[in-house]
Amino acid sequence: MTGNSGNTENTAGAENDRQGPRHKRDLTRRKVVVAGAGAAVAVGAGGALAAGAFAGEKSGTKPKAAASASAGEVCYKLTSETTEGPYYIDADKLRQDITEDKEGIPLTLALKVIDSETCKPIANAAVDVWHCDALGIYSGYESLSTGGGGAPTDAPSGTPTGTPTDAPTGAPTGEPPSGGGGGGHEEPTDDERYLRGTWKTDRQGRVTFKTIFPGWYRGRTVHIHTKVHVNGEWTDAGYEGGNTCHTGQFFFDEESVLASAEVEPYSTSTTERTTLTEDTIYDQSGVQGGLLELKYNKKNIAKGVVGSITMGVEPDATHEGTDDAVQPGASETASASSS
């Protein structure tokens, strides 16, 4: 996997749904810039919850196969593969706190990566996350995010465009990303790299990021993008070699999104909002499809949110997310552990 080797200060991660001619020249090599590599996550308000249970497991336990599962049977549900989207920038900053100076509801993203066949945690994997800010703007693509007014390129054609009755009101904000429904990688238009980062999983397969609750833009529900890279090597330059075994997206339930819409700066947006059930990327399969388990004060979401999920991946597979998204079917999922 290649990075933006010409920019050592601002290398980062964004979105794509077809293989582009430039940004995928070498998919097996990845270099990331160490930006505060030794920094620990400052969990902040509500952050103590990050030490609790991950989605799909009780605190202090791990997923187990059902007694009826045969030796060769997958013991954990595979997490759905999705499109990479147009705004992925290979080789992101190596950091856990990706907030920079962006305003929004504090979000602690607590992730766990396991082998979907053995249920064992995957240590030293490189996990990328990237998402838009509270008003739907992507770093690296601010000019695309503020102009055009069409559906973003990671939203297939046919995305609902009608304004939902629960759409937040308020002063107009920037337009959503331009482009039609065809997808395809976009080259970065600026050097901003907020709300993007890469970090490695620990011995329990866990990794935590500090960020903000994402906003929304026309044609897509609220989401966060992710990639998991394995079988590579951590060096002084970052992470090199290996394969991308998972490309997915994390999603937020409607209750939390509506609550966030009452908080500034989210409340100032008049951009059309696509609900979770209307979204054409989310496969409606709950945790398997990337739906986060969220914990927050229901009376005051502004204090902060903890989102957690366990990702079941195939370490030897390659899922770049640059072709049509492949959603795992019932035959590919476990019969045992809850997800």
field: Any hit, the range 281-290, residues being in a strand (DSSP E or B) and hydrophobic (A, V, I, L, M, F, W, C)
entry: no
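Residues are listed down the side, and each one gets a yes or a no for (1) of a type in the set (Asp, Glu); (2) out of contact with any helix residue (DSSP H, G or I) (no Cβ under 8 Å at 6 or more places or on another chain); (3) open to solvent by less than 10 Å² (accessible area, probe 1.4 Å); (4) touching a residue at least 24 places away in the same chain (Cβ under 8 Å):
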position	(1), (2), (3), (4)
209	no, yes, yes, yes
228	no, yes, yes, yes
243	no, yes, no, yes
260	no, no, yes, yes
266	no, no, yes, yes
291	no, yes, no, yes
295	no, no, no, yes
task: Go through the residues of the range 278-285 one by one and say whether even a single one is on the phi > 0 side of the Ramachandran plot and either touching a Ser or Thr at 6+ places or on another chain (Cβ under 8 Å) or touching a residue at least 60 places away in the same chain (Cβ under 8 Å) (or both).
output: yes
message: Residues that are outside any loop (DSSP other than H, G, I, E, B) and either modelled with pLDDT of 60 or more or open to solvent by 50 Å² or more (accessible area, probe 1.4 Å) (or both): does the range 169-186 have at least one?
response: no
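The values are calculated or read from the model by the stated rules, or taken from the named source; none is laboratory data. It should be emphasised that the depicted structure is a prediction, and the values quoted were computed from it without experimental measurement. Quick reminder, even Gly has a Cβ in these numbers, built from the backbone with ideal geometry, and neighbours come from all protein chains shown. These area figures cover heavy atoms from the full protein model, side chains too; ligands, DNA and RNA do not enter into them. Shrake-Rupley method; radii C 1.70, N 1.55, O 1.52, S 1.80 Å.
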